[in-house]
Amino acid sequence: MHSVTRKAMEWLAAAATDPRACKQQWHGGTGIAVLACGRFWDVLSVPEELGMPALDTLLCIPQPPGPALADNAARRVAFFLPPDPDGRWVGSGIRYAGRGSWIAVPAPHRAGGRLRWLVPPNGTGALFVPAAVEQALQVALGGMAAQRGTRQRCPACDTPTRGSVSATTVSRRPVPTDPGAAEERSADAAGSEQD
């Protein structure tokens, strides 16, 4: 086994409650192990039609990419991000897995099956930068809207929008730390809806 693959296996397996059992699962029948999120990484999962163009954009920037995983059956792409206990992502079809969540992953060297690595982990701990992923998703949304050339619907509230999908349809939102901030943000949102 190559040293990069071995390092990647060790890095991934370290998130398991039992790293030895995790490696045995990878070498077993399904080749899949279930790992905890929130310790070494969080995972942002998006629909494939959004995730693939976003990944293409991310691979063009001069920065080492983090792991990206495809679920062929669910038609989703997952980006591995740094853990962010206060993180929250907003958008249609967006799923964010942090502390307390689990993700099924194949062995780093596995090339096929329902789950496959689009960008396999390299064992260094490299992860995607959340701001870069957010920007790439916005670019992908803009491209999708331009291709459709039709009136779009807001993914949050399903109302028709003017022109293309706005740049804020996929975004990271900090969770307010005090209750007053949540009320203030709700009031701001209600005011902007009336505009």
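Things to note:
- Within region 25-75, the residues that satisfy the criterion of being crowded, with 19+ Cβ neighbours inside 10 Å and closer than 21 Å to Gly143 by Cβ are Leu44, Ser45, Val46, Leu50, Gly51, Pro53, Ala54, Leu55, Leu58, Pro65, Ala68, Ala70.
- Check on Ala111, over 12 Å from the mean Cα position of the chain (by Cα), among the hydrophobic types (A, V, I, L, M, F, W, C) and not in a strand (DSSP E or B): yes
- When residues of region 2-24 are limited to those that are exposed (fewer than 11 other Cβ atoms within 10 Å of the Cβ) and not charged (D, E, K, R), the one modelled with the lowest pLDDT: His2
- Flag for Leu58 being modelled with pLDDT of 95 or more and touching a helix residue (DSSP H, G or I) at 6+ places or on another chain (Cβ under 6 Å): yes
- Only residues that are over 21 Å from Gly98 (Cα atoms), among the basic types (Lys, Arg) and within 17 Å of the chain's Cα centre (by Cα) were counted in region 20-54, giving 0.
- Answer residue from region 122-144, given it is β-branched (Val, Ile, Thr) and not in a helix (DSSP H, G or I) and is surrounded by the fewest Cβ atoms within 10 Å (Cβ to Cβ) among those: Thr124
- Taking the criterion of being touching a residue at least 40 places away in the same chain (Cβ under 8 Å), charged (D, E, K, R) and either surrounded by fewer than 17 Cβ atoms within 10 Å (Cβ to Cβ) or closer than 17 Å to Pro53 by Cβ (or both), the residues of region 76-103 that qualify are Asp86, Arg88, Arg95, Arg99.
- Meets criteria (touching a Pro at 6+ places or on another chain (Cβ under 9 Å), modelled with pLDDT under 95 and within 30 Å of Gln147 (Cα to Cα)) for Gly93: yes
- If you go through region 1-14 and keep only what is among the hydrophobic types (A, V, I, L, M, F, W, C) and out of contact with any Lys or Arg (no Cβ under 6 Å at 6 or more places or on another chain), you end up with Met1, Val4, Ala8, Met9, Trp11, Leu12, Ala14.
The values are calculated or read from the model by the stated rules, or taken from the named source; none is laboratory data. Predicted, not measured: the structure shown is a model, and the values here were computed from it. Using ideal geometry, Cβ is built from the backbone for each residue, glycine included, and neighbour counts are taken over all protein chains shown.
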